[in-house]
1. What net charge do the residues around D15 carry, taking every other residue with its C-beta under 9 Å from that of D15, with Lys and Arg at +1 and Asp and Glu at -1?
2. At 0.692 mPa s and 37 °C, plugging the Kirkwood radius over alpha-carbon pairs of segment 7-86 into Stokes-Einstein gives what diffusion coefficient in µm²/s?
3. Along the Cα→Cβ direction, 7 angstrom out, place labels at S27 and E53. What is the inter-label distance in nm?
4. Take every DSSP beta bridge whose two residues both sit in segment 136-309, then give the antiparallel share in percent to the nearest 5.
5. Any idea how far apart M228 and D352 come out in nm if each label point goes 7 Å out from Cα toward Cβ?
6. What's the magnitude of the charge dipole for the chain around its Cα centre, counting Lys and Arg as +1 and Asp and Glu as -1 at the beta-carbon? Answer in Debye, nearest 20.
7. Label points 7 Å out from Cα along the Cβ direction at Q72 and M4: separation in nm?
8. Give, in nm to one decimal, the length gained when the segment between K302 and A108 is fully stretched (0.36 nm per residue of separation minus the Cα-Cα distance).
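Derivation of every value follows stated rules applied to the coordinates shown; laboratory data play no part. These numbers were taken from a predicted model, which means no experiment stands behind them. All Cβ positions, glycine included, derive from the backbone under ideal geometry; neighbour counts span all protein chains shown.
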Amino acid sequence: MGNMLKVLGIESSCDETGVALVEVCGSALPVLLAHALYSQIEMHQAYGGVVPELASRDHIRRVLPLTQQVLQESGRSLQDVDVVAFTRGPGLAGALLVGAGVACALGAALHKPVLGVHHLEGHLLSPFLSADPPEFPFVALLVSGGHTQLMRVDGVGRYQILGETIDDAAGEAFDKSAKLLGLGYPGGPALAKLAQVGDATAFKLPRPLLHSDNLDFSFAGLKTAVMMQAKKLATAQGCVVEALAPTVLADLAASTQAAIVEVLVKKSLAALRQTQLKRLVVAGGVGANRSLREQLNAECAKREVRVHYPELHLCTDNGAMIALAAAMRLQSGVQSASMVYAFDVKPRWPLDML
Ligand code: KG4
Ligand code: ZN
């Protein structure tokens, strides 16, 4: 490829509109020129979760202003864009269609090719934008709101699933437990914050599949256990769960976080053992969790395993990871961009089907 390529990336799979411009030069790692993000979380909070129709409508409002912002911040114009990338899936169909539609309209107007990206591949590759980028091969722990997977990654597009959740994702376990403790939506960060002042050993909560002989996860039972524990405490106090003493809620939060983190850490170590790889990449929203990072760092240091994370602000959904994934796919030659603008989206799309 040799020369320089600028990739515009658009993310609109859920409740964050993200746009970014990435530059790739030869075989060097892509560089982030600018990125802009609009989170709809406040809008959805009133409903206790993401309302797909509202999400789609808001993406439409945000995506072009964010694109203008990115171009302005990077000092480039639309004419400088060589490829327009968008999240093709998985995600909310209507929300995905906004990004895909806008990307293809831009591509058609500029006579530039487009490329549809797998959202999880974006998360997976996001640490390549960090100050401490990984090298292939590695084990990836992908922990987002919708997915929990352990993968063997041998290169761009070479993903082998080693294990995954058979029910709820880790992010879902955080969010659902947080919700029933009255911490709002999305509760992951709130639960993590409260957990900092709680006692993680206060309550004995289940660690599902911790000792199973595979690398699968199961988190659905945990939220039930948290609910039973919380209700028991509330009944004893003659109050509702949300009215429990702050210290008790903090202990519940800390115990919940400890259960999730212990399973994620133990299974990651098992995956490293099984593959005999010495490198771990952690990506997705739950990868922002401080306790998870601390424990993974400590355990991996003991085993001389290097751990890589995305920059904190690129852990949750963003456009930078989409532009990056497109740039790396082009760079490695696993995919070329297309001048055909008859786009489709894939709300359900397993990563190993890429
Ligand atoms: O990757 P992401 O932004 O969206 C999906 O692709 O799903 O992940 C969002 C998830 C949510 O479940 C959120 O609660 C969780 O990541 N999350 C956290 C933290 N920050 C975000 N969970 C635990 N601790 C955090 N600090
Ligand atoms: Zn995501």
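1. Working: positive: none; negative: E16, D58, D317.
With Lys, Arg at +1 and Asp, Glu at -1, the net is -3.
2. Values: Rh = 13.5 Å.
Approximately 244 µm²/s, per Stokes-Einstein.
3. 5.3
4. Details: 12 of 20 bridges.
Just about 60 percent of them are antiparallel.
5. With each label placed 7 Å out from Cα toward Cβ, I get 3.2 nm.
6. Values: 30 positive and 32 negative charges, 89 e Å.
In total the dipole reaches around 420 debye.
7. Computed distance between label sites Q72 and M4 equals 2.3 nm.
8. Values: separation 194, 0.36 × 194 = 69.84 nm, distance 5.25 nm.
Full extension of this stretch gives 64.6 nm more.
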